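Chemist: Before I ask anything, here is the structure I am working with.
The values are calculated or read from the model by the stated rules, or taken from the named source; none is laboratory data. Values in this document were obtained by computation on a predicted structure and should not be read as measured data. Don't worry about glycine lacking a Cβ; one is built from the backbone with ideal geometry, like all the others, and counts go over all protein chains shown.
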Amino acid sequence: NIVYLNGEFLPADEAKVSVFDRGFLFGDSVYEVIPFYQGVGFRLQAHLERLNHSLRAVRIKNEGNWNEILDTLVWKNGGGNLSVYLQVTRGNAGKRSHAYDDSLEPTVFACCTPIKDVWGEGAESVVPLKAIVTEDLRWHRCDIKSTCLLPNILVLQQAKDEGVQEALFSRNDKLTEGSACNLFLVKRGVLYTPKRSSEILGGITRELVLELADKHAIQFQEVDIDYEQLLSADEVWVSSSTRGVVPVVEVDGQVIGDGHPGPIWQKMFEFFAAFQRKL
Ligand code: PLP
């Protein structure tokens with residue numbers, strides 16, 4: 001397992017970061033998770049644009065040659081189907097102090113783990129999820145992919161404690177997104193998803209769902225979604241880079257639709273699979 005740290009490719013157990021790194025002390029860092037299939041980044045440029053957005057938003061210097069770093073990392077780990085994690089922290093200040101010096105050199109870390117090819121394995125292999133709805137206790141810049149993930153971690157653990165696999169956030173009676181995924185619902189053949197704002201992460205998979213819906217004439221709307229609309233939906237899905245588009249068949253113990261993955265989800269899965277085969 002070869003990782004990348006500050007200009008070097010080295011075995012994971014030799015990669016060391018200072019205890020005064022601001023990523024460690026404050027979560028003062030941003031990240032990306034990018035799937036590679038057969039060694040090729042899926043929507044890589046969109047991920048790198050979002051990374052640039054996150055870095056700019058928190059004013060961390062952006063000097064990485066990301067394409068080259070990630071390609072080399074993937075190649076050194078044998079190519080194939082990998083999820084690449086890339087984290088950029090504000091750097092090591094040598095002391096603990098909230099205020100920082102603009103001259104800090106960012107710490108750049110990247111590693112990868114094998115993933116299954118969601119689209120290649122077919123819709124039958126997708127396991128539908130059950131979810132709970134919880135209060136969205138996050139800050140108001142969820143468009144930044146920050147490593148400050150305590151709220152996300154706690155709600156997912158709560159979901160696990162309650163015997164389900166996902167937690168959906170609700171803020172001011174509006175559903176925002178999942179603990180690490182975007183949210184969609186289908187009602188009478190129309191696809192709905194919360195609009196992009198600083199209350200959600202602009203998911204790369206979300207963008208592709210809308211693109212494919214557009215291409216294949218599935219009507220969609222980016223709108224507020226409340227709890228009642230969620231529970232009375234015909235279909236509920238969540239989307240993320242590593243999991244793809246996954247049906248949610250139960251929310252807070254209530255069955256969604258007929259309790260099975262719905263027909264529009266089936267179609268969307270096929271559109272994704274076909275899109276990926278053409279890459
Ligand atoms: N929303 C949150 C909070 C996430 O953490 C993620 C991904 O990890 C997503 C949405 C989905 O984004 P993407 O499709 O770019 O993976």
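Chemist: Please enumerate the residues belonging to the stretch 193-216 that are part of a helix (DSSP H, G or I) and either within 11 Å of the ligand (Cβ to nearest atom) or among the hydrophobic types (A, V, I, L, M, F, W, C) (or both).
Modeler: Within the stretch 193-216, Ile204, Thr205, Arg206, Glu207, Leu208, Val209, Leu210, Leu212, Ala213 meet the criteria.
Chemist: On the given criteria, is Asp173 within 27 Å of Ser146 (Cβ to Cβ) and of a type in the set (Asp, Glu)?
Modeler: For Asp173, the condition - within 27 Å of Ser146 (Cβ to Cβ) and of a type in the set (Asp, Glu) - is met.
Chemist: Suppose we filter the stretch 217-239 for residues that are part of a helix (DSSP H, G or I) and out of contact with any strand residue (DSSP E or B) (no Cβ under 6 Å at 6 or more places or on another chain); how many remain?
Modeler: Total meeting the criteria: 3.
Chemist: Another one. Look through the stretch 124-151, keep the residues that are surrounded by fewer than 18 Cβ atoms within 10 Å (Cβ to Cβ) and among the polar types (S, T, N, Q), and return whichever of them is nearest to the ligand (Cβ to nearest atom).
Modeler: My answer is Thr147.
Chemist: Given the criterion surrounded by 15 or more Cβ atoms within 10 Å (Cβ to Cβ), over 16 Å from the mean Cα position of the chain (by Cα) and among the basic types (Lys, Arg), identify the matching residue among Arg50, Arg56, Arg22.
Modeler: Arg22
Chemist: Just wondering, is there one or more residues in the stretch 126-142 that are at pLDDT 95 or above, charged (D, E, K, R) and within 24 Å of His260 (Cα to Cα)?
Modeler: yes
Chemist: Looking at Val223, Val249, Val236, Val245, which is the one that is of a type outside the set (Phe, Trp, Tyr), within 16 Å of the ligand (Cβ to nearest atom), out of contact with any helix residue (DSSP H, G or I) (no Cβ under 6 Å at 6 or more places or on another chain) and touching a residue at least 12 places away in the same chain (Cβ under 8 Å)?
Modeler: After ruling out the rest, the residue left standing is Val236.
Chemist: A further question follows. Would you tally the residues in the stretch 85-123 being surrounded by 15 or more Cβ atoms within 10 Å (Cβ to Cβ) and on the phi > 0 side of the Ramachandran plot?
Modeler: 1
Chemist: Tell me yes or no: at least one residue of the stretch 251-266 is of a type outside the set (Val, Ile, Thr), touching a Phe, Trp or Tyr at 6+ places or on another chain (Cβ under 7 Å), modelled with pLDDT of 95 or more and not assigned by TED's automatic domain parsing to the domain that holds Glu32.
Modeler: yes
Chemist: With a cut-off of at least 2 residues that are in the same structural domain as Arg43 (by TED's automatic domain parsing) and touching a residue at least 60 places away in the same chain (Cβ under 8 Å), name the strands (runs of 3 or more DSSP E) lying wholly within the stretch 83-189.
Modeler: Passing ranges, in order: 107-114.
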